[in-house]
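Data first, discussion second: the structure below is written as structure tokens.
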Amino acid sequence: MTYTERLSCRSPLVGEASAVARAAKFAMSNHWFSTSFESDCLALCNDVLEQVSPPCWVTEEEVAGLRSFFYRHSDCSLAWIPRDQNRLAHSLASWTVDSCSFGFWDTVDIPSKFLSLASYSLKAQEALVFEFRSSLSSSSEVDMSSTAGQVIKCKAAVAWEAGKPLVIEEIEVAPPQANEVRVRILYTSLATLMFTFGNPRFKSSFTLQGQTPMFPRIYGHEAGGIVESVGEGVTCLQEGDHVLPIFTGECGECSHCKSEESNMCELLRINTDRGVMLSDGKSRFSKDGQPIYHFLGTSTFSEYTVIHFGCLAKINPAAPLDKVCVISCGLSTGLGATLNVAKPKKGQSVAVFGLGAVGLAAAEGARISGASRIIGVDMNASRFEQAKKFGCTEFVNPKDHDKPVQEVIAEMTDGGVDRALECTGSVQAMISAFECVHDGWGVAVLVGVPNKDDEFRTHPFKVLSERTLKGTFFGNYKPRTDIPGVVEQYMNKELEVEKFITHSVPFSEINKAFDLMLEGKSLRCIICLDA
């Protein structure tokens, strides 16, 4: 049913108004409106809901249910709610649409490309159908194809020097060259990998990791966006595709890509010291003629970025980018470390060292695997309560004991856990993780990235007694081959993503996102570039 047809079906049915009001409140719970608008909208929604007999109020449980319904229910259409209060009041009072379809729309928040898209329809019972409609005239819509081949001016958060806040600047983004794709970034977030490989807010981090400071630079690597245009030779992607940028790649041609046992592409594996594109050794970013360096081949702190096609995972267009963007780094790293590398069997015990986002993703993997005991190890006791949501059943704070934590865990588990995952980057935690697994069959997996001068030391007898030590990179996921499947796990309700997202800020407040993470207040803060 088109937008025009929907307007012709207006009806004052209270039940329809109630459904729209509930959806409006759900939208607000996800911060789809500006803060200044929310209070008026909330009051309006409650006014409508009070008229329903018996009274209907939106509880936290109902919000969770609505999220699941809208994102996954069969044969439904989801668009967005208008900002204008008069239009919203009119909508709440009189809109009626066809069964299982709600006619919300917002010409401000929806990316302009979406406004011209028809429905993406998937099989019933598998995913939500998104319908984006606009009442704008065609002259006011921006077609991405009109920018193909041209330099685009947009906003980006630029790091001009180490130890200073990022600065929102207007920059120029050149068209993609051979094997490159220009992507409009809609949502990005801060991942700990960026803090590991040279945090722009701290000068000392570059020395600790042995990284070469490169400025000015556009950081960011965990994100979701839409393909704006493709360069010569790119056949696997096209304008309008939904993609997740990945800090490592999959060229599909090298020995690693052809191997089922490796995801460390020879051409596109992580390189923190490369600030230019592979095809010509130049940057696609500039400001007033001055080149700006890329970061990890992604640079998602920009409204538009240019990325090698091998570092883009094409995903289900029905997947909400503001949620699944976190799959492009930390979540997959921890989840894959457990599911693909540690591989705990149902009923086994697992210890997770470090309960940040990556560690909690590892715990989530243990929960999905059916582990009977999931022991969270962290020196920050405030993380323990949150970790219960990710499956942790027990907690150990090394500071509470006068003996090595590996000995504490061995005593708790009659000789050691079956699997252990280290997700901190601390070499001492790595040693503890290895030495706390059971002899004969225990497996320890190293996930965190240590400082450049760290050394791993343990007695050889620990290895000879049949403990196994493994390492993993990006959870052993091949970016283009495997990450679309992780997104489908979310769409099929097999993976919870929302609980990793604790905060959301507009692009203009990106430095606040840094503060929240550095203060330990957030797991993932979504930065909305399209707000």
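The values are calculated or read from the model by the stated rules, or taken from the named source; none is laboratory data. Because the structure is predicted, anything quoted here is derived from the model rather than measured. Cβ atoms come from the backbone with ideal geometry, glycine included; neighbour counts cover every protein chain shown. Surface areas here come from the heavy atoms of the whole protein model, side chains and all, with no ligands, DNA or RNA. Shrake-Rupley method; radii C 1.70, N 1.55, O 1.52, S 1.80 Å.
Overview of values
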{"quantity": "Exposure rank, largest accessible area first [W160, W441; 1.4 Å]", "calculated": "W441, W160"}
{"quantity": "Accessible area in the full protein assembly, largest first, 1.4 Å probe, for K399, K512", "calculated": "K399, K512"}
{"quantity": "Net length gained if the chain between K258 and N316 were fully extended (0.36 nm per residue, minus Cα distance)", "calculated": "18.5 nm"}
{"quantity": "Accessible-area composition of segment 333-473, carbon plus sulfur, in percent [1.4 Å probe]", "calculated": "50 percent"}
{"quantity": "Per-residue SASA entry for D453, accessible area with 1.4 Å probe, Å² rounded to 10", "calculated": "120 Å²"}
{"quantity": "Rounded to the nearest 10 Å², the accessible area of F461 at probe 1.4 Å", "calculated": "130 Å²"}
{"quantity": "Distance (nanometres) between label positions extended 7 Å along Cα→Cβ at K470 and K493", "calculated": "3.0 nm"}
{"quantity": "Largest-first ordering by accessible area, 1.4 Å probe, given options F309, F301", "calculated": "F309, F301"}
{"quantity": "Carbon plus sulfur fraction of accessible area for segment 229-319, probe 1.4 Å, in percent", "calculated": "44 percent"}
{"quantity": "Theoretical gain in end-to-end length, T458 to L518 [0.36 nm per residue, Cα-Cα removed]", "calculated": "18.4 nm"}
{"quantity": "Where trypsin sites (Lys or Arg not before Pro) fall in DSSP loop in segment 277-386, at most 13 other Cβ within 10 Å", "calculated": "K282, K345, K346"}
{"quantity": "S522 accessible area, 1.4 Å probe, all protein chains in place, Å² to nearest 10", "calculated": "20 Å²"}
{"quantity": "Entries in K314/K478; K164/K512; K399/K462; K258/K478 that, when Cα-Cα distance is taken, lie over 19 Å", "calculated": "K399/K462"}
{"quantity": "Too-long pairs where the Cα-Cα distance tops 18 Å, listed order kept, from K389/K470; K389/K499; K155/K521; K323/K493; K345/K403", "calculated": "K389/K470; K155/K521; K345/K403"}
{"quantity": "R0 of 30 Å, Cβ-Cβ distance D402-W160: FRET efficiency to nearest 0.05", "calculated": "0.05"}
{"quantity": "Note, ³J(HN,Hα) from phi for segment 337-345, Karplus 6.51, -1.76, 1.60, rounded to Hz, x at Gly and Pro", "calculated": "4, 7, 6, 9, 10, 5, 6, x, 8"}
{"quantity": "Accessible area in square angstrom per residue, segment 312-439, 1.4 angstrom probe", "calculated": "33 Å²"}
{"quantity": "Spatial separation of Cα centroids for segment 243-294 and segment 163-182, in angstrom", "calculated": "15 Å"}
